[in-house]
1. Could you list, in sequence order, all residues of segment 117-134 that are surrounded by 14 or more Cβ atoms within 10 Å (Cβ to Cβ), without any contact (Cβ under 8 Å) to a residue 40 or more places away in the chain and either assigned to a helix (DSSP H, G or I) or of a type in the set (A, V, I, L, M, F, W, C) (or both)?
2. Mind counting the residues in segment 11-56 that are under 30 Å from GLN117 (Cα atoms) and part of a helix (DSSP H, G or I)?
3. Of the residues that sit in segment 10-56 and are at pLDDT below 90 and farther than 18 Å from GLU104 by Cβ, which one is surrounded by the fewest Cβ atoms within 10 Å (Cβ to Cβ)?
4. Look through LEU78, LEU68 and report the one residue that is assigned to a helix (DSSP H, G or I), over 19 Å from the mean Cα position of the chain (by Cα) and surrounded by 12 or more Cβ atoms within 10 Å (Cβ to Cβ).
5. Report every pair of residues separated by at least 6 positions or lying on different chains whose Cβ atoms are under 6 Å apart, first residue within segment 53-79 and closer than 24 Å to THR39 by Cβ, second polar (S, T, N, Q) and surrounded by 10 or more Cβ atoms within 10 Å (Cβ to Cβ).
Amino acid sequence: MDKSENLDNLDPVFTQQVQRLHELTVYGRWFFAIFLWLTIAPFCIWDLRTEICLLQDYFTWVAVRYALIFHPFATVGLAFCIGMTVSVLVWQSRNILWGLPLAEKQHLHKQVYKIKQQGKSHPLWKWVCQNNPE
């Protein structure tokens, strides 16, 4: 019996808790990506407002390049927003298509053990363990 089979044949309540923690992780990553788009992206777009007006009239790739080169903070901010969104998309797609990797499963199991060990004082206890009889 290998480790992946051993992790899958656990108590169903514990498996449900691990699943809830994974869902919280997914929601947390998407919340962070949305937070970036709502906080950083508006400032970056505001910085590029004159170039955006120019691009609406005369769109060329040279104008896009000019806008990005001469507004480095806006470029870095938008690149960070796009990069985080793409990384969450790729991470979640990988998990949907091929399942969680063994290392990630083990990490989630350890986190659930820590949450259960700490009890109600852990910030995630309410969402992971509270509805289960113990």
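The values are calculated or read from the model by the stated rules, or taken from the named source; none is laboratory data. Since the structure is predicted, the reported quantities are computational estimates derived from the model, not experimental observations. Here Cβ is always computed from backbone atoms with ideal geometry, including for glycine, and neighbour counts include all displayed protein chains.
1. Passing the criteria: only TRP125.
2. Final tally of qualifying residues: 21.
3. So, considering only residues that are at pLDDT below 90 and farther than 18 Å from GLU104 by Cβ, the one surrounded by the fewest Cβ atoms within 10 Å (Cβ to Cβ) is PRO12.
4. LEU68
5. Listed pairs, sorted by first residue: LEU68/THR75.
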